[in-house]
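Comments concern the structure below.
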Amino acid sequence: MTYQPPTALPRDLLHEDDVQRALADHDFGVIFRIARDRAGISYSKIAAECDIKPERVGTLARGRGRITSFEKVMQIADALRIPGHLVGLAPRPWEADGAPAGTSRAENGPHVRRRTILQAATSTSLAAALPALHRPDTPRRITHAYVDRLRERTARLRRLDDVLGGGDTYRVYLGEVQFTKGLLRQGSFTDDARRRLTALLAEQAQQAGWAAFDAGRTRDATTLYEESRSYAKDARDQNLYGNSLAFLAYRTIPDDRSTAVTFAQDSCATITAHTPSTVRALLYERLAWACAVDGQPTGTQSALDAAREALDNGQDSEPQPDWSVWVDRTELDIMTGRCWTELGRPLRAVPVLTDALGRYSDDHARDKALYLSWLADAYLSAGEVEQAAETVGRALELATGVASIRPRQRITPLLDRLRPHADIGPVRDVLEHAAG
């Protein structure tokens, strides 16, 4: 028999409008209050099942504070038996048929099914469950060939980020970081093999930091990015060092825009004549984004031009690091549209985003949902409410089941901006979809 926690919410309660609004907003204080008042579930029971201090539950219920940890959101969903799709998660293990209640088969498309299959393994065994990802046996002496095999494994694991969110991949990537740290502490190798392994560790720390950021673990992300910068410096890898600064810029934007711009400028200062074209483009893209969020149109345009020049002048035969090969003209067009949206230039943003997203696969569900949110933002800024609503609806569909907090963080404010237009059909439809 499947365990049913004493804090499981009645199923009919989950269909109430105010409950679904609170879940969509991750306002668990409201949920705790409703659980007590309408379902008779005490705060002490909620505290015990969710592993939250009782006084913290009461504080949240009074509207003070928020739950921001991805792991805590999962814990609350499991304790209160909240289907994953209501809080932006993949279907939880206890959900009987593996698909969210009320979700049609049409909504459970190929890319969603693929995520579900991969998520069937626990986060600690996910890498081992996938073909061609078994870690090679460690030799007595670490050689260049062995480091190359580990780097190939890292590249394959990076592909998980195409279809899974950081909530699913963080522990997998962190496990790789910890394994490589162990090799550096205990292994035997030449100085050059040590340097190459240290560079790989810098690369792995960046990937783990990205997954942490995507999962809402911002402190972990910052720590990993800082570690990556140190490892890249020790390995004398200028490309990875510059990318660690670019990651720090991206992470710092919400807290300190000026510092973020400085980080991004410092990352671009690492560029030399030998920097691969996709790395140059990536670093300039991150600078453009930091400048846009900081309200610097001139700096934004200059960085975007530099990124485009890097891609235009790249040679097909030029070796590119696996961690930067995803940067192409479509990605640059999307970043261009995002930047112009942030700068309040919707007439520039809409055409470039519309064209680029038409070329962007739905298989990259998390990223496309995020990018669509900027298109919806631009539509709203231009007064095109119906198109904005339709775009938000598409973003919601793609974001369903993705273990990332970022799509919901982007979509929730857009829904709030749409609410005053609820008398318009497409707006009413997307608000109902978001609530249900």
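The values are calculated or read from the model by the stated rules, or taken from the named source; none is laboratory data. The shown structure was predicted, so the numbers you read here are calculated from the model rather than taken from an experiment. A quick note on method: Cβ atoms are made from the backbone with ideal geometry, for glycine too, and the neighbour counts reach across all protein chains shown. These accessible areas exclude ligands, DNA and RNA; they are computed on the full protein's heavy atoms, side chains included. Shrake-Rupley method; radii C 1.70, N 1.55, O 1.52, S 1.80 Å.
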Segment 237-248 - phi-based ³J(HN,Hα) in whole Hz, Karplus 6.51/-1.76/1.60, Gly and Pro as x | 9, 5, 5, 5, 5, x, 5, 5, 5, 5, 5, 5
Return one number: the angle in degrees, 0 to 90 and rounded to the nearest 10, between the long axis of the Cα atoms of helix 144-158 and the longest principal axis of the Cα atoms of the chain.
-> 30 degrees
Over segment 185-341, what is the mean sequence separation of C-alpha contacts under 8 Å (at least six apart), divided by residue count, expressed as relative contact order in percent?
-> 17 percent
Computed magnitude of the charge dipole of the chain (debye, nearest 20; Cβ of K, R +1, Cβ of D, E -1) = 1360 debye
Given the candidates P321, L14, A221, the one whose Cα lies deepest towards the positive end of the charge dipole of the chain, counting +1 at each Lys or Arg C-beta and -1 at each Asp or Glu C-beta, is A221
Note, P5: beta-carbon cut-off 9 Å, +1 each Lys/Arg, -1 each Asp/Glu, net 0
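Quantify, in whole percent, the carbon and sulfur part of the accessible surface of the chain (1.4 Å probe; protein heavy atoms only). The partial results should precede the final answer.
Working: 9470 of 19650 Å².
Using a 1.4 Å probe with all protein chains present, the chain comes out at 48 percent carbon and sulfur.
Can you list which of the trypsin sites (Lys or Arg not before Pro) found in segment 1-66 are DSSP loop residues with at most 12 other C-beta atoms within 10 Å?
Those satisfying the criteria are R11, R62, R64, R66.
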May I ask for the distance between the Cα centers of segment 386-436 and segment 297-316, given as a whole number of Å?
-> 33 Å
May I ask you to compute the full-extension gain from R219 to R236, defined as 0.36 nm times their residue separation minus their alpha-carbon distance, rounded to one decimal in nm?
-> 3.5 nm
Filter the trypsin sites (Lys or Arg not before Pro) in segment 192-250 down to the DSSP loop ones having no more than 14 other Cβ atoms within 10 Å, then list what survives.
-> R236
Calculated from DSSP helices alone, with each H run of at least 4 adding -39500 (n - 2.57) and the total divided by the residues of the chain, [θ]222 nm to the nearest 500 comes to -20500 deg cm²/dmol
Order by accessible surface, 1.4 Å probe, largest leading, for residues E285, E386 comes to E386, E285
When the chain is fully extended, how far beyond the present Cα-Cα distance does S361 get from T68, taking 0.36 nm per residue of separation?
-> 102.5 nm
Please name which of L418, C291, A35 has its Cα lying farthest along the dipole of the chain towards the positive end, using unit charges on Cβ (Lys, Arg +1; Asp, Glu -1) and the Cα centre as origin.
-> A35
Using alpha-carbon coordinates, inclination of helix 70-79 to the longest axis of the chain, degrees | 30 degrees
Rounded to the nearest 0.05, what FRET efficiency is calculated for T59 and S317 with R0 set to 60 Å and r the Cβ-Cβ distance?
-> 0.50
Taking Cα atoms, the helix 110-119 axis meets the longest principal axis of the chain at an angle in degrees (rounded to 10) of 80 degrees
Which distance in Å, rounded to a whole number, links the C-alpha centroids of segment 60-92 and segment 368-384?
-> 27 Å
Amide H neighbours of F189 under 5 Å, counting only residues 5+ apart in sequence or on other chains, H built in-plane at 1.01 Å?
-> I142
